[in-house]
Each structure stands twice: as C-alpha cells, then as structure tokens.
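Novice: There's a structure below that I have some questions on.
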Amino acid sequence: MRRKYFIALDLGGTSIKAAVFSEKLSILEKMSMPTPACAGKKAVIGALVCAAKKLASRLGLALKDISAAGIGVPGPVDFDRQVVHFLPNIPGWKDVPLSSVFTAACGIPCVVDNDAKMMALAEYTLGAAKGSRNAVCLTLGTGVGAGLIIEGKLYRGADNAAGEIGHLPLNENGPACPCGGKACLERYAGNGALLKEARAALGASITLEKASALAAGGNRKALCFWRAVSTHIGIALAGLSNVLNPDVIVVGGGVSSAGRPLFDGIKENLSKRAMPVQGRRVKVMKAALGNDAGLIGAALAAAGRIRI
Ligand SMILES: [Zn+2]
C-alpha cells in the first residue's frame, strides 16, 4: 500500500516554517525560510510552493507522493471557500483563494486555515487540551489570537472569524487599535506593546526573553512588569471563562516562555475575577507542542483532506 506523506506550512510575518510529516504525523524533515512579505503576494505563494518542493526533494519524494498539504496563515480565512480574507502583517493580500492557487502550482491538494485555529487543533488533538471538551487555546505573539473548542468542535462563528481575543476591548477608552477598536487586549499584551512597556520599565536594551530571564532570577522590576502583563491577560480570560465555561485554557506563543511570573499572575486574576463555578473549573496550562504546534495543526488539517 502506498505510504502517505503530508506537508505542513506555517506562514508567519517574518518566516515560513515547513515540514514533511509521516502518516503517523511525526516530522520527517523540517525547514524555515524568510517570508518575502514586501515582495508581494505572488512571491509569498512562490516561497510556499518552493518550500514544499525543497522538502519533498530532500526526502527523495515526488510531489505526487504527497497526499495533502496544510497551510496556516496569520489572518482571517473563509474556511468553507478556502479564501484568505487578508493578512494584517503581510501586505497585498485581499480575498486570495490560496488553496486552489497552491494546488494549481504544485498539484498537491491543500487546506488553508487561520494559524491560531491550526494551533488549537494541534493542542486539542495531541497537546495540553487533549481530553477536554471545551478549551480556549490562546497564542501570544505579535498578534494575540485564540482557537475555541466548544463541545469537542472548533468553533468558527458566522464568518469564520471567531476567536479574535486580541481584539477583546478591556476598557471604554484606551490605545487605538488597527482593527478600528480601542483598548483591545492586543494593545496591552501583543509583543509590540509588551516591548514598549518592558523598555520603559527595564531599559532600552531589554528584550522579552531578557525580561523573562530577569524575572526568573527574582528581579523585582521584571516581576512587576510580568504581573502587569498577566493582569491584562487574566482579566480578558476571566471574562471569556464566564461566557464559555472552558475546562482548560492553553497559553502558547513566544511570550508563554516567560513561565511562572506570567502564569501565576494569570491564574491569580482568573480566580479573583471569574465567577465561582467557572473559576473553579478552568485550568490554565502552557502549550505542550511549543514552536511546532502550528505545523502539527496544519498536518492534522492536511490529514483530514487527503488525495484519494
Ligand atoms: Zn483591536
């Protein structure tokens, strides 16, 4: 019987990650390349196709040996029509039928979805949310997004746009957000805002990694910084817990490596602010699949849509 292989592509604002997965969904080969974000839509699609071809040839596979590909993209996707609405951090994308364009270019059947949804699919199937029926999988990065699992299913919403927790308003007034709103969570907990706050508190040369290391070493200013961050995130998650009553909230993305100073604060705010029933129920966990979560989710999505 012919073996099945899947290609997973994780399109980010700065890099494209790609991997070939076996039938049992283990990674056989992996690579990363810069996203030619400013070179236009065609160049970005070309880079995705090129990554798929390179990986296949490294394993001595022909493109027809690949059963399907999954692509995670950093923006809203009309999942039913397989159209990328737009990508906030990659210019020139408007209503792109990425799935059919990719398949036309390399002959591999393809499924496209929002990257936070791909990560949620991975954490729910194989990671920290495995075994739960109702989960919120939060990703903290340049953007703040979430995948919502409700009664064992990924919740998409009327326009496939559900899960935009980064654009949950925390106050009536506050910093303006590119989404058109004000005081959105992302304006307080996205990497851009965090770096600005960290610089003000800890000096101009600080990075978020350094701020994590300082907090781990007991630096009081760094601990204060993470406490303020965790308060914003905890308040948003308390509200979301009251509405959705999840078993588990999984926190992933680069910022989650801040560890205890962040997680302790989130848990404290949740228990203080969520309603008793919801607050007692919900567990907060670090994402289990780390940096590969997006790729694993894309491979899982691909495995659901294979070449027959
Ligand atoms: Zn917003």
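Laboratory data are not the source of any read-out in this text; all were calculated from the coordinates shown. Here the structure is a predicted model, which is why all the values come from computation and not from measurement. Using ideal geometry, Cβ is built from the backbone for each residue, glycine included, and neighbour counts are taken over all protein chains shown.
Novice: Using the Kirkwood radius over Cα pairs, work out the Stokes-Einstein diffusion coefficient for the chain at 25 °C and 0.890 mPa s, in µm²/s as a whole number. All intermediate terms of the calculation are to be shown ahead of the outcome.
Specialist: Details: Rh = 19.9 Å.
Here the translational diffusion coefficient equals 123 µm²/s.
Novice: If you stretched the chain out fully between residue 95 and residue 179, how much longer would it get, using 0.36 nm times the residue separation minus the C-alpha to C-alpha distance? Kindly include the intermediate steps, with their values, before the conclusion.
Specialist: Values: separation 84, 0.36 × 84 = 30.24 nm, distance 1.74 nm.
28.5 nm is the gain from fully extending residue 95 to residue 179.
Novice: Here is a follow-up. How much length is gained on full extension from residue 54 to residue 291, taking 0.36 nm per residue of separation minus their Cα-Cα distance? Write down the numbers at each step before the final one.
Specialist: Values: separation 237, 0.36 × 237 = 85.32 nm, distance 2.10 nm.
Here the answer is 83.2 nm.
Novice: Based on alpha-carbon centroids, what's the gap between the range 157-231 and the range 118-137 in Å, whole number please?
Specialist: A separation of 24 Å, based on Cα centres.
Novice: Could you state the angle between the C-alpha long axis of helix 191-202 and the longest principal axis of the C-alpha atoms of the chain, as a value from 0 to 90 degrees rounded to the nearest 10?
Specialist: Value to nearest ten degrees: 40.
Novice: Could you check the spin-label model distance between residue 26 and residue 213? Points 7 Å from the Cα along Cα→Cβ, value in nm.
Specialist: Going from the residue 26 label point to the residue 213 one covers 3.4 nm.
Novice: In whole Hz, with x marking every Gly and Pro, tabulate ³J(HN,Hα) for the range 168-181 from phi via Karplus 6.51 cos²θ - 1.76 cosθ + 1.60, θ = phi - 60°.
Specialist: Whole-Hz 3J(HN,Hα) from phi for the range 168-181: 7, x, 9, 9, 5, 10, x, x, 5, 10, x, 6, x, x.
Novice: Follow-up question, since we're still on this one. At 222 nm, what helix-only mean residue ellipticity would the chain give, in deg cm²/dmol to the nearest 500, using -39500 (n - 2.57) for each DSSP H run of four or more? Don't jump to the answer; show the numbers that get you there.
Specialist: On the way: 10 runs with 120 residues, N = 308.
The per-residue figure over the chain is -12000 deg cm²/dmol.
Novice: Using each residue's phi in the range 262-279, evaluate 6.51 cos²θ - 1.76 cosθ + 1.60 at θ = phi - 60° and report the 3J(HN,Hα) Karplus result to the nearest Hz, with x for Gly and Pro.
Specialist: Per-residue couplings from phi come out as 7, 5, 4, x, 4, 4, 4, 5, 5, 5, 6, 10, 6, 5, x, 5, 5, x Hz.
Novice: Something else about it: If the cut-off is 26 Å between C-alpha atoms, which lysines fall inside it for residue 182, apart from same-chain ones fewer than 8 positions away?
Specialist: 94, 117, 196, 267, 272
Novice: In the calculated pair distance distribution of the range 100-197, what percentage of Cα-Cα distances lie above 19 Å? Numbers along the way, then the final one.
Specialist: Values: 2515 of 4753 pairs.
In whole percent, the share of Cα-Cα pairs in the range 100-197 beyond 19 Å is 53.
Novice: Non-local amide H neighbours of residue 168 (under 5 Å, H modeled in plane, Pro and chain starts lacking H): which ones?
Specialist: Amide H to amide H, under 5 Å and 5 or more residues apart or across chains, residue 168 pairs with 185, 186.
Novice: Can you pull the percent of Cα pairs in the range 131-288 with separation above 27 Å? Spell out each step's value before the answer.
Specialist: Values: 2570 of 12403 pairs.
Within the range 131-288, distances greater than 27 Å cover 21 percent of Cα pairs.
Novice: Measuring from label point to label point, each 7 Å out along Cα→Cβ, what is the residue 221 to residue 264 span in nm?
Specialist: 2.0 nm
Novice: A further question on this structure: Taking loop as defined by DSSP and a crowding limit of 14 other beta carbons within 10 Å, which trypsin sites (Lys or Arg not before Pro) in the range 1-106 fit? Please report the intermediate quantities before stating the final value.
Specialist: Details: sites: 2, 3, 4, 17, 24, 30, 41, 42, 53, 54, 58, 64, 81, 94; in loops: 2, 3, 4, 24, 81, 94.
Sparse-neighbourhood loop trypsin sites (Lys or Arg not before Pro): 2, 3, 24, 81, 94.
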